[in-house]
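Just below is one structure, and these are the notes that go with it.
The values are calculated or read from the model by the stated rules, or taken from the named source; none is laboratory data. On a predicted model such as this, the values are computed, not experimentally measured, just so you know. Here the Cβ positions follow ideal geometry from the backbone for every residue, glycine too, while neighbour counts run over all protein chains shown. Areas reflect the complete protein model, heavy atoms only, side chains present, ligands, DNA and RNA absent. Shrake-Rupley method; radii C 1.70, N 1.55, O 1.52, S 1.80 Å.
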Amino acid sequence: MGTKLPRKLEQKMELMGEQIKLARLRRNLSIAQVAERATCSPLTIARIEKGSPTVSIGIYARVLYALQLDDDLLLIAKEDTLGRTLQDLSLKHRQRASKKE
C-alpha cells in the first residue's frame, strides 16, 4: 500500500493536521517551539500540519503532549459502534425450557 492513502483517509489526515496547526497558533507557539518541546525537527511539525501519513504515531503523540492535548489520544476508537453491534449480534441468546404441563 505504501504511503498512498484512500482519498477519504487523506482528507481526514489533512483535517487532523489543520487542527493541530490551529491548536499551535491558538497557543501562540512557533513551529520551532513545538518541535523543541516534542523533540523532533521543525520539518516534521510542518509535515504533521500538512497531514503527512509518513510521520509515526509516536511523533504525533509527542506533539499532542507538547500542546497539552495528549488526552485526545484516548478518543481514538472510543465510540466503536460497529464493533459493539457485531459483538451484540454474536452473543448467545438464552433459550427457555419448554413449559411443563
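Each of 75, 25, 39 was placed along the dipole of the chain (beta-carbon charges, centred on the mean Cα), and the one lying farthest toward the positive end is 75.
Comparing 33, 87, 11 in a Gaussian network model of the chain where C-alpha atoms under 10 Å apart are linked, the largest mean-square fluctuation is found at 87. Each Lys or Arg adds one and each Asp or Glu takes one away; over the other residues whose Cβ falls under 12 Å from the Cβ of residue 10, this sums to +4. Got a number for carbon plus sulfur as a percent of the chain's accessible area, 1.4 Å probe? Whole-percent figure for carbon plus sulfur exposure: 55. Counting only Cβ charges, +1 for Lys and Arg and -1 for Asp and Glu, the dipole size of region 1-51 around its Cα centre is about 120 debye.
Can you give the FRET efficiency for residue 9 and residue 91, using 1/(1 + (r/R0)^6), R0 = 25 Å, r = Cβ-Cβ distance, to the nearest 0.05?
Efficiency computed from Cβ-Cβ geometry: 0.20.
How would the chain be classified by its alpha-carbon gyration tensor: rounded, prolate or oblate, with rounded meaning a/c under 1.5 and the a/b versus b/c comparison settling the rest? Since a/c reaches 1.5 and a/b is larger than b/c, the shape of the chain is classed as prolate. Using a Gaussian network model of the chain in which every pair of alpha carbons under 10 angstrom is joined by a spring, one finds that among 37, 47, 26 the greatest mean-square fluctuation is at 26. Highest GNM mean-square fluctuation, the chain, Cα pairs closer than 10 Å: which of 79, 14, 36? It is 79. The number of Lys pairs in the chain with C-alpha atoms less than 28 Å apart, excluding pairs fewer than 8 positions apart on the same chain, is 15.
Averaged per residue, the chain has 83 square angstrom of accessible surface, using a 1.4 angstrom probe with ligands and nucleic acids left out. Taking the helices alone, the chain has a mean residue ellipticity at 222 nm of -16500 deg cm²/dmol, built from -39,500 (n - 2.57) per DSSP H run of at least 4 residues and averaged over all its residues. In region 1-86, Cα pairs under 8 Å separated by at least six residues give a relative contact order of 29 percent.
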